[in-house]
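The structure appears right after this line, and notes come after that.
The values are calculated or read from the model by the stated rules, or taken from the named source; none is laboratory data. Since the model is a prediction, treat every value here as computed from it, not as a measurement. So basically every Cβ, Gly included, is an ideal-geometry build from the backbone, and we count neighbours across all protein chains shown.
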Amino acid sequence: MALPGVLFFAFFALAPMVLAFYLSFTRWNGLGDPQPAGLANWRKLLSDDRLGQSLTVTVALTAVSWAFQTVISLLLGVWAAGRQRNRAVLSAIFFVPFLLSSTAISLLFYALLDPNFGIIHRDTLGTTSGAFLAIVFVGGWQFIPFHTLIYQGGARQIPEVLYQAAAIDGAGRYRQFFSITLPQLRNTATTSSVLMIVGSLTYFETVLILTQGGPGTDTAILPYLMYEAGFKSYDFGYASAVASFLVLAATALSLLMVKLSGFGAMRSTREGM
Amino acid sequence: MSHDTLSRPVRTDSAPAAERPARRRGHWSRRANPLAGAGALIWLAVVIVPIYAMISASLTHQDEALGHNALKPPSHPTLDNYNTVLHNGFGHLLWNTVLAAAGVVLIVLVLCVPLSYVAVRTRGVWSGAAFRLFLLGVAIPAQAVVVPLYLMIAKLNLYDSLLAIVLPTAAFAMPVSVLILTGTLRDISEEMYEAMALDGASTTRMLFQLVIPMAKGGISTVVIFSALQAWNGFLFPLIFTQSDGPRVLTLGLFNYVSEFGVNIPAILASVVLSGVPIFIVYLVARRALVGGLMGVGGK
């Protein structure tokens with residue numbers, strides 16, 4: 001009974017990963033069949049200045065996005081885990097950005113950051129730091145609602161007795177937060193962080209719509225570099241070499257996740273409500 | 001009220017526990033936390049200002065738009081921009097998106113429910129290996145495989161069809177769906193399976209009469225999660241389709257930018273319109289949607 005699912009997944013997700021490695025040793029312009037090219041793509045990739053720059057931007061964007069999203073969604077989630085009525089109403093509003101697609105959100109901020117039309121009458125996307133921060137902010141605006149929800153679910157599962165005991169011992173609110181809430185949310189934080197890191201590898205839409213990798217190539221994250229090489233310059237062998245990099249990064253990430261989180265232990269995941 | 005939560009376990013003569021569970025209060029609700037409250041209000045502004053600016057700008061005449069500050073309300077509100085969008089194939093894009101989402105949900109459910117059932121119930125080497133395979137899959141970004149998938153889709157003669165979007169989207173929704181479902185299925189007690197086995201129930205009957213009814217929560221989360229994947233998908237439509245026929249909403253929005261040129265109000269109207277259907281779903285099914293996604297994080 002499990003076989004159809006495994007085969008389907010293997011065919012559309014795993015086989016392409018292997019195929020990406022194979023294609024990185026070929027020359028292919030999208031028409032006809034790929035031709036063997038030996039190590040040419042890899043040699044070109046490793047001597048390409050854009051790769052180093054792109055790696056740096058990707059790592060920087062991931063790290064800054066992670067910090068931005070984690071701090072805000074942790075605080076909001078813990079706050080929202082309380083059950084007063086105004087919190088429920090606010091949480092309902094907080095969630096709204098997540099309902100728009102990445103494309104819609106990128107277009108929205110593209111318009112709002114337009115120097116002639118938008119909120120700030122300045123060329124934000126034309127400067128390196130402006131474009132970088134815009135991508136971080138737009139990604140956060142979209143995904144913080146989701147991660148807030150994850151932290152909210154996690155915070156609600158912390159046994160109440162812990163707080164009662166701490167209160168009896170005279171621990172104040174902030175002491176309780178640092179000594180109980182944070183340590184108890186460790187697993188939740190791992191799950192959320194992994195989803196965030198993998199998610200920030202997919203900021204492709206945001207980059208494509210907001211900055212096209214610019215100014216210059218300053219925000220060309222790895223997936224964008226791959227897209228440009230493949231679907232704009234029709235150099236699919238080279239694009240596959242970049243993609244192989246992503247496969248390696250992703251595999252390392254998921255091994256880390258299995259190790260750090262409770263997923264591998266086949267633990268039961270309770271619903272949050 | 002303020003000491004109620006604190007003293008309950010200590011006082012043995014307090015009200016019977018059975019009266020209370022429905023209105024269990026959170027630990028943070030006892031006292032107001034002004035700092036956290038202020039932070040929440042700031043985030044409220046961060047969420048609302050862009051949405052307000054978007055709606056207000058979408059009601060602005062194009063002539064008024066240049067040099068206009070998006071925070072100012074339009075002086076003569078108009079629905080012209082919405083008209084423009086609706087006359088530019090919006091309905092067709094929406095219909096394609098709904099079809100694609102339905103296809104993805106259907107494939108994910110048909111494949112993942114039995115698979116998760118086997119992963120939870122069988123303790124074999126193969127089922128363990130299969131489960132680990134999906135664990136590993138959680139981190140595969142679609143970007144990493146889009147070039148080889150392009151080759152495969154072309155060889156399968158699926159290029160420029162809705163199926164070219166649906167099949168890979170479903171595959172990439174599978175890992176998280178399997179995680180959610182195995183989590184839920186593990187909460188079904190061993191005794192229930194044994195009781196059914198004693199009645200001589202076949203595996204199929206167990207699946208339909210025990211697993212599916214008991215896993216409703218997990219199944220609805222998976223429906224929501226995979227529908228959102230399809231709803232949000234951009235890369236696969238961008239690369240695997242070309243013509244108007246199979247174009248979905250996200251790609252349609254992207255194309256409106258070149259179609260409408262500098263007509264920013266029309267572009268924003270299309271963004272607003274794209275949000276309306278799922279906002280309606282949200283209003284109707286908020287509890288299921290939010291509750292389901294909260295479960296994704298687990299503990």
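Taking B:Thr78 and the conditions (1) among the β-branched types (Val, Ile, Thr); (2) part of a helix (DSSP H, G or I); (3) over 18 Å from A:Phe109 (Cβ atoms), which numbered condition does it fall short on, given that it satisfies the others?
Unmet for B:Thr78, out of (1) among the β-branched types (Val, Ile, Thr); (2) part of a helix (DSSP H, G or I); (3) over 18 Å from A:Phe109 (Cβ atoms): (2).
Name the helices (runs of 4 or more DSSP H) wholly inside region A:145-220 in which the number of residues that are farther than 30 Å from A:Leu51 by Cβ and in contact with a helix residue (DSSP H, G or I) (Cβ under 7 Å, 6 or more places away or on another chain) is 1 or more.
Filter on region A:145-220 gives A:160-168, A:173-176, A:186-200.
Going through A:Ile120, A:Ile135, A:Ile168 one at a time, which residue ends up being within 9 Å of chain B (Cβ to nearest Cβ) and out of contact with any Gly (no Cβ under 9 Å at 6 or more places or on another chain)?
Matching residue, one of A:Ile120, A:Ile135, A:Ile168: A:Ile168.
Just to verify a result, which residue in region B:210-229, among those that are small (Gly, Ala, Ser) and within 24 Å of A:Tyr203 (Cα to Cα), is surrounded by the fewest Cβ atoms within 10 Å (Cβ to Cβ)?
Among them, the one singled out is B:Ala227.
Please tell me if A:Ser106 is part of a helix (DSSP H, G or I), within 30 Å of B:Tyr159 (Cα to Cα) and more than 7 Å from chain B (Cβ to nearest Cβ).
Yes, satisfied.
Just to be sure, is A:Leu182 on the phi < 0 side of the Ramachandran plot and either within 9 Å of chain B (Cβ to nearest Cβ) or of a type in the set (D, E, K, R) (or both)?
Criteria not met by A:Leu182.
Output the qualifying pairs, or none if there are none: Cβ atoms under 9 angstrom, residues six or more apart or on different chains, first residue in region B:102-123 and outside any helix (DSSP H, G or I), second residue modelled with pLDDT under 90.
Final answer for the pair search is B:Thr122/A:Ala2; B:Thr122/B:Gly128.
Only residues that are among the β-branched types (Val, Ile, Thr), assigned to a helix (DSSP H, G or I) and closer than 22 Å to A:Ala229 by Cα: list them for region B:230-273, please.
Across region B:230-273, the qualifying residue is only B:Ile239.
Just for region B:58-72: of the residues that are surrounded by 16 or more Cβ atoms within 10 Å (Cβ to Cβ) and within 7 Å of chain A (Cβ to nearest Cβ), which one is nearest to A:Phe94 (Cα to Cα)?
B:Ala70
Search region A:143-155 for residues being within 7 Å of chain B (Cβ to nearest Cβ) and not small (Gly, Ala, Ser), and hand back the single one that is nearest to the chain's Cα centre (by Cα).
A:Phe146
Which of the residues belonging to region B:252-265 are of a type outside the set (Phe, Trp, Tyr) and surrounded by fewer than 23 Cβ atoms within 10 Å (Cβ to Cβ)?
B:Asn255, B:Val257, B:Ser258, B:Glu259, B:Gly261, B:Val262, B:Asn263
Please tell me if B:Asn83 is out of contact with any Leu (no Cβ under 9 Å at 6 or more places or on another chain), more than 28 Å from A:Thr190 (Cβ to Cβ) and either more than 9 Å from every other protein chain (Cβ to nearest Cβ) or touching a residue at least 40 places away in the same chain (Cβ under 8 Å) (or both).
Considered against the rule, which asks whether it is out of contact with any Leu (no Cβ under 9 Å at 6 or more places or on another chain), more than 28 Å from A:Thr190 (Cβ to Cβ) and either more than 9 Å from every other protein chain (Cβ to nearest Cβ) or touching a residue at least 40 places away in the same chain (Cβ under 8 Å) (or both), B:Asn83 comes out as yes.
Go through the residues of region B:230-238 one by one and say whether even a single one is surrounded by fewer than 22 Cβ atoms within 10 Å (Cβ to Cβ) and in contact (Cβ under 8 Å) with a residue 24 or more places away in the chain.
For region B:230-238, residues surrounded by fewer than 22 Cβ atoms within 10 Å (Cβ to Cβ) and in contact (Cβ under 8 Å) with a residue 24 or more places away in the chain: absent.
I want to confirm something. Restricting to region B:137-162 and keeping residues that are assigned to a helix (DSSP H, G or I) and in contact (Cβ under 8 Å) with a residue 24 or more places away in the chain, which single residue is surrounded by the fewest Cβ atoms within 10 Å (Cβ to Cβ)?
In this case the residue turns out to be B:Leu162.
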